[in-house]
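Working notes for the structure below.
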Amino acid sequence: MPELQRHIRCSVGDVAQYVLIPGDPGRAKRIAEKLDNVRLVSENREFILFTGRYKGVPISVCSTGIGGPSTSIAMEELIRVGATHFIRVGSAGARQENIPIGSLVIATAAYRGDGTSRAYAPIAFPAVGSFEVITALIEACNKLGYSYYKGIVYTRDAFYVQDEQLNKFLKEAGVVAAEQECATVFIVGTIRRVKVGAILATDSNIWLNVQPSFEEKQRLFREAEAKAINVALEALWILAETQ
């Protein structure tokens, strides 16, 4: 009998090579609704796992929860049962004044402000997405007619802690968004020799002089989240077609 993974509760044969990894279990469910022949594989803690098909390509969706520790657990166990390509479908706060709330951001690399990635590689080691996945995400955005931003993101652990000096440096350095998982995804992907990328929907921007209401931010984010899901699915299809 195939070994059951401890946290995501699945075995070899349950998971596709191509996997979307949103943090939010609710987002995982929304992605699953777009798949054909979808089935719920498992549900445990913050991890909910579905497998189905998109345009005939087997695809799995696994939520990872918030932050690096649970994300690394999900990726490690998914890799053990056969996953080879990962796209994070997440939320982020825009970090440039010209990036509106409700935008799409393709993360090309990450400033490593998290702790989990440091358990895998020294801080001088770069956290970068896979060229093939980044290219597929760009192609998917263009194909779907969605505008997007791309660049380095800032991955952090403490959501409610703001370092004003660091924030100023990151803005001046052109960092496009802040979030909590990309550095972990990119470092684990590099170390474990799998392909990784990330498409993010912005839900805030600390540099705006006039902040929208919470309700307006939520509306803009939900619209962008739906686009991010479409882009991620199309990008996995592109990757599968070019293998």
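Nothing in this text is a laboratory measurement; each read-out follows from the coordinates by a stated rule. These figures come from a predicted structure and were not determined experimentally. FYI the Cβ positions are ideal-geometry reconstructions off the backbone, even for glycines, and counts take in every protein chain you see.
Measure nothing but the geometry: give the 0 to 90° angle between the long axis through the Cα atoms of 182-191 and the longest principal axis through the Cα atoms of the chain, rounded to 10°.
With both axes taken from Cα atoms, the answer is about 50 degrees.
Can you list the HN-Hα couplings for region 15-25, worked out from phi with the Karplus curve (6.51, -1.76, 1.60; θ = phi - 60°), rounded to whole Hz and with x for Gly and Pro?
Using θ = phi - 60°, the values come out as 10, 7, 5, 9, 9, 9, 10, x, x, 7, x Hz.
Angle, helix 214-242 long axis vs. longest principal axis of the chain, Cα atoms, 0 to 90°, nearest 10?
Around 50 degrees separate the two axes.
Under a Cβ-only charge scheme (Lys and Arg +1, Asp and Glu -1), can you give me the dipole magnitude of region 15-111 about the Cα centre, in debye to the nearest 20? Please report the intermediate quantities before stating the final value.
Working: 11 positive and 8 negative charges, 44 e Å.
Rounded to the nearest 20 debye, it is 220 debye.
What is the spin-label model distance, in nm, from E76 to T242 if the labels are put 7 Å beyond Cα along the C-beta direction?
3.1 nm
Taking the Cα centre of the chain as origin, work out the dipole magnitude from +1 charges on Lys and Arg Cβ and -1 charges on Asp and Glu Cβ, in debye rounded to 20.
Here the size comes out at about 320 debye.
Need the C-alpha centroid separation for region 101-123 versus region 7-45, integer Å.
23 Å
Along the charge dipole of region 62-140, which of A140, P122, S63 sits closest to the positive end, that is, farthest toward it, with unit charges on the beta carbon of Lys, Arg, Asp and Glu (+1, +1, -1, -1)?
Working it through, the farthest residue towards the positive pole turns out to be P122.
Compute the long axis of helix 131-144 from its Cα atoms, compare it with the longest principal axis of the Cα atoms of the chain, and write down the angle in degrees, 0 to 90, nearest 10.
That works out to roughly 80 degrees.
How long, wide and thick is the chain, going by the Cα atoms along their three principal axes, in whole angstroms, largest first?
The Cα atoms of the chain stretch 57, 39, 33 Å along their principal axes.
Along the positive direction of the dipole of the chain (beta-carbon charges: Lys, Arg +1; Asp, Glu -1; about the Cα centre), which of C182, Q5, L20 reaches farthest?
My answer, from the dipole projection, is Q5.
Stretch F125-L208 to full length: gain in nm at 0.36 nm per residue minus the Cα-Cα span?
Numbers: separation 83, 0.36 × 83 = 29.88 nm, distance 3.25 nm.
In short, 26.6 nm is gained.
Between rounded, prolate and oblate, where does region 92-221 land on the alpha carbon gyration tensor, with a ≥ b ≥ c its root eigenvalues, rounded for a/c under 1.5, else prolate if a/b exceeds b/c? List each step's numbers first, then the result.
Working: a/c = 2.08, a/b = 1.21, b/c = 1.72.
Here region 92-221 falls in the oblate category.
Looking at the chain, identify the longest residue range that excludes and avoids all GluC sites (Glu not before Pro) in DSSP loops having at most 13 other Cβ atoms within 10 Å.
Numbers: sites that count: E3, E33, E97.
The answer is 98-243.
Could you give the nm distance between label points at E139 and K55, where each point is 7 Å from its Cα heading toward the beta carbon?
0.9 nm
Tell me which residues come under 5 Å, amide H to amide H, from G113 once H is placed; ignore anything under 5 positions away on its chain.
Placed amide hydrogens put T155 under 5 Å from G113.
Can you list residues from other chains, or at least 5 along the same chain, whose modelled amide H is less than 5 Å from the amide H of A198?
R88, A107
If we count other beta carbons within 10 Å of each Cβ, what is the order of S91, S42, S103, fewest first? The partial results should precede the final answer.
Numbers: S91 22, S42 19, S103 26.
Final ranking by Cβ density, sparse to dense: S42, S91, S103.
Could you work out the helix-only [θ] at 222 nm for the chain, with each DSSP H run of four or more residues adding -39,500 (n - 2.57) and the total divided by the number of residues, to the nearest 500 deg cm²/dmol? Display every interim value, and only then the final one.
Values: 7 runs with 88 residues, N = 243.
About -11500 deg cm²/dmol.
Towards the positive end of the charge dipole of the chain, with charges on Cβ (+1 Lys, Arg; -1 Asp, Glu), say which of W207, S42, A83 has the farthest Cα.
A83
Any idea what the dipole of region 110-218 comes to, in debye rounded to 20, about its Cα centre with Lys/Arg Cβ at +1 and Asp/Glu Cβ at -1? Walk me through the numbers on the way to the answer.
Working: 11 positive and 12 negative charges, 93 e Å.
The dipole of region 110-218 has a size of about 440 debye.
Long-range amide H contacts for I48: which residues qualify at under 5 Å (H placed 1.01 Å from N, peptide plane, sequence gap of 5 or more or a different chain)?
For I48, whose amide H was placed from the backbone, the distant partners under 5 Å are S63.
I'd like the Karplus ³J(HN,Hα) series for region 105-115: coefficients 6.51, -1.76, 1.60, θ = phi - 60°, whole numbers in Hz, and an x wherever there's a Gly or Pro.
10, 9, 7, 9, 7, 9, 6, 8, x, 8, x
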